[in-house]
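Student: Below you'll find the structure I mean.
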């Protein structure tokens, strides 16, 4: 129930006209639904607004497997609509942002083939949150924001054939036509393909998914599986920042880890 604000400062060796710094709020893994409801959403929205951000990025797992798990969607929607920033609020999908039967927070059997729920995307739109699903946007002519598909979600809702609309693009495909003299910021739910993302020209890669293990000693185990399971890591010229998440998955508790939002000040030099 206690949302921590973790601050980071990073340098990007690019010049941006009329802008020396950019303050970004990174949040992920809200898992709105069974365990996380309107009160917690209002709690982390207050934390976000207190930081007076320029840009807000949600790195996936907004939902907790089932849209119908919301107990008070309209109240949650009003809370999320109150997020304030200069350039808006953006997100990418996570592996739990689909309809899938769960028991006590855990997926326990295969759902029907089509697991996408259009109500999820409609809900985000009503909240004023812009979904980037393997696409990029140039914001105010100053910097690019790229949102990636989640690999697990893409696999569940479709195969990986070249004709499949759910196929996930590579980082290089996503940056191929971008002007690399401008800053390039990625939102990617899982902190995978860090080398590939760095080589594709990303300056900042914002991720979640790991929950920093959520329950001790899980945070020790996640460090064995992820190059950066929580915190900030530099790969070439790219900074990768992974948040422990603002919500919970499965058991409604944390032991030895924090619920957090990340306040990231980017300095352009």
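Student: Can we say residue 25 is in contact with a helix residue (DSSP H, G or I) (Cβ under 6 Å, 6 or more places away or on another chain), in contact (Cβ under 8 Å) with a residue 40 or more places away in the chain and within 23 Å of residue 240 (Cβ to Cβ)?
Tutor: Values: in contact with a helix residue (DSSP H, G or I) (Cβ under 6 Å, 6 or more places away or on another chain): yes; in contact (Cβ under 8 Å) with a residue 40 or more places away in the chain: yes; within 23 Å of residue 240 (Cβ to Cβ): yes.
Yes: the conditions hold for residue 25.
Student: Those residues that are part of a loop (DSSP other than H, G, I, E, B), touching a strand residue (DSSP E or B) at 6+ places or on another chain (Cβ under 7 Å) and at pLDDT 90 or above, I need them from region 168-226; list them, please. Write out each step before concluding.
Tutor: Restricting attention to region 168-226, the residues satisfying the condition of being part of a loop (DSSP other than H, G, I, E, B) are 168-170, 176-183, 188-193, 200-203, 208-210, 214, 216-217, 226.
Cutting the leftovers down to touching a strand residue (DSSP E or B) at 6+ places or on another chain (Cβ under 7 Å) gives us 178, 182-183, 188-191, 201-203, 208, 210, 216.
Within region 168-226, 178, 182, 183, 188, 189, 190, 191, 201, 202, 203, 208, 210 qualify.
Student: Just to verify a result, which residue in region 53-79, among those that are within 18 Å of residue 260 (Cα to Cα) and out of contact with any strand residue (DSSP E or B) (no Cβ under 7 Å at 6 or more places or on another chain), is surrounded by the fewest Cβ atoms within 10 Å (Cβ to Cβ)?
Tutor: It comes out as 79.
Student: Exactly one of (1) surrounded by fewer than 23 Cβ atoms within 10 Å (Cβ to Cβ); (2) touching a helix residue (DSSP H, G or I) at 6+ places or on another chain (Cβ under 8 Å); (3) part of a loop (DSSP other than H, G, I, E, B) is unmet by residue 94. Its number?
Tutor: Just one mismatch for residue 94, condition (1).
Student: Can you pull out every residue in region 64-84 that is touching a helix residue (DSSP H, G or I) at 6+ places or on another chain (Cβ under 9 Å), within 19 Å of residue 249 (Cβ to Cβ) and in a loop (DSSP other than H, G, I, E, B)?
Tutor: 70, 71
Student: Restricting region 227-244 to residues that are free of Cβ contacts under 8 Å to residues at least 60 places away in the same chain and in a strand (DSSP E or B), which is nearest to residue 13 (Cα to Cα)?
Tutor: The selected residue is 238.
Student: Next question, about the same structure. Being more than 15 Å from the chain's Cα centre (by Cα), under 20 Å from residue 141 (Cα atoms) and touching a residue at least 40 places away in the same chain (Cβ under 8 Å) is the filter here; which residues of region 183-215 pass it?
Tutor: 183, 184, 202, 203
Student: Separate question: In region 11-46, what residues are over 17 Å from the mean Cα position of the chain (by Cα), crowded, with 18+ Cβ neighbours inside 10 Å and not in a loop (DSSP other than H, G, I, E, B)?
Tutor: Scanning region 11-46 gives 12, 16, 22, 38, 40.
Student: Also: Of all residues in region 102-119, count the ones that are within 19 Å of residue 248 (Cβ to Cβ) and either at pLDDT 95 or above or not in a strand (DSSP E or B) (or both).
Tutor: Pass one, region 102-119, residues within 19 Å of residue 248 (Cβ to Cβ): 102-108.
Restricting the remaining residues to those that are either at pLDDT 95 or above or not in a strand (DSSP E or B) (or both) gives 104-105, 108.
The number of residues fulfilling the criteria is 3.
Student: Filter region 231-260 down to the residues that are in contact with a helix residue (DSSP H, G or I) (Cβ under 6 Å, 6 or more places away or on another chain) and on the phi < 0 side of the Ramachandran plot, then identify the one that is surrounded by the most Cβ atoms within 10 Å (Cβ to Cβ).
Tutor: Applying the filter and picking the extreme gives 246.
Student: I'd like the full set of residues that are at pLDDT 95 or above and part of a strand (DSSP E or B), limited to region 47-63. Please lay out each step first, then the result.
Tutor: So the first thing to find is which residues in region 47-63 are at pLDDT 95 or above, and the list is 47-59.
55, 56, 57, 58, 59 - these are the residues of region 47-63 that are at pLDDT 95 or above and part of a strand (DSSP E or B).
Student: List the residue pairs whose Cβ atoms are under 9 Å apart, where the first residue sits in region 32-48 and is free of Cβ contacts under 8 Å to residues at least 12 places away in the same chain, the second is part of a strand (DSSP E or B), and the two are 6 or more positions apart or on different chains.
Tutor: So the pair list comes out as 46/3.
The values are calculated or read from the model by the stated rules, or taken from the named source; none is laboratory data. This structure is a prediction, so every number in the text was calculated from the model and none was measured. Ideal geometry is used to build each Cβ from the backbone, glycine not excepted, and the neighbour counts take in all protein chains shown.
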